[in-house]
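To keep things clear, I will list the structure first and then write my remarks on it.
The values are calculated or read from the model by the stated rules, or taken from the named source; none is laboratory data. These numbers come from a predicted model, not from an experiment. Positions of Cβ are generated from backbone atoms using ideal geometry, with glycine treated the same way; all protein chains shown enter the neighbour counts.
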Amino acid sequence: MLEAGVALAIATVTGVAAITNRLHARMSELDKRVDRAELRVAEHYVSKTDLNEMLERFERHMIRIENKLDKISISNY
């Protein structure tokens, strides 16, 4: 009776470990596929050069606004 219980426990633990391993492998594969899809979308919709150009334009615009605010604050003194 004890031997049967031990065998059943070992089989149960082994089965749970096998199922967990398969699920983990599928989830990691799914994660890789999602990462590839996200990378593909990011590469196709905004390239690094376009982003850098937009950021430079934004920075130039902000500098112009800062200069205007400086002129306003200096003229009020």
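Is it fair to say residue 50 is under 18 Å from the mean Cα position of the chain (by Cα), surrounded by 10 or more Cβ atoms within 10 Å (Cβ to Cβ) and either modelled with pLDDT of 85 or more or of a type in the set (D, E, K, R) (or both)?
On the way: under 18 Å from the mean Cα position of the chain (by Cα): no; surrounded by 10 or more Cβ atoms within 10 Å (Cβ to Cβ): yes; either modelled with pLDDT of 85 or more or of a type in the set (D, E, K, R) (or both): yes.
Criteria not met by residue 50.
Inspect all residues belonging to the stretch 24-41 and state whether any of them is within 17 Å of the chain's Cα centre (by Cα), among the polar types (S, T, N, Q) and either at pLDDT below 90 or surrounded by 10 or more Cβ atoms within 10 Å (Cβ to Cβ) (or both).
Kept after step one, since they are within 17 Å of the chain's Cα centre (by Cα), are these residues of the stretch 24-41: 27-41.
Pick out the ones that are also among the polar types (S, T, N, Q) and you get 28.
Adding the requirement that they be either at pLDDT below 90 or surrounded by 10 or more Cβ atoms within 10 Å (Cβ to Cβ) (or both) leaves 28.
Yes, some residue in the stretch 24-41 is within 17 Å of the chain's Cα centre (by Cα), among the polar types (S, T, N, Q) and either at pLDDT below 90 or surrounded by 10 or more Cβ atoms within 10 Å (Cβ to Cβ) (or both).
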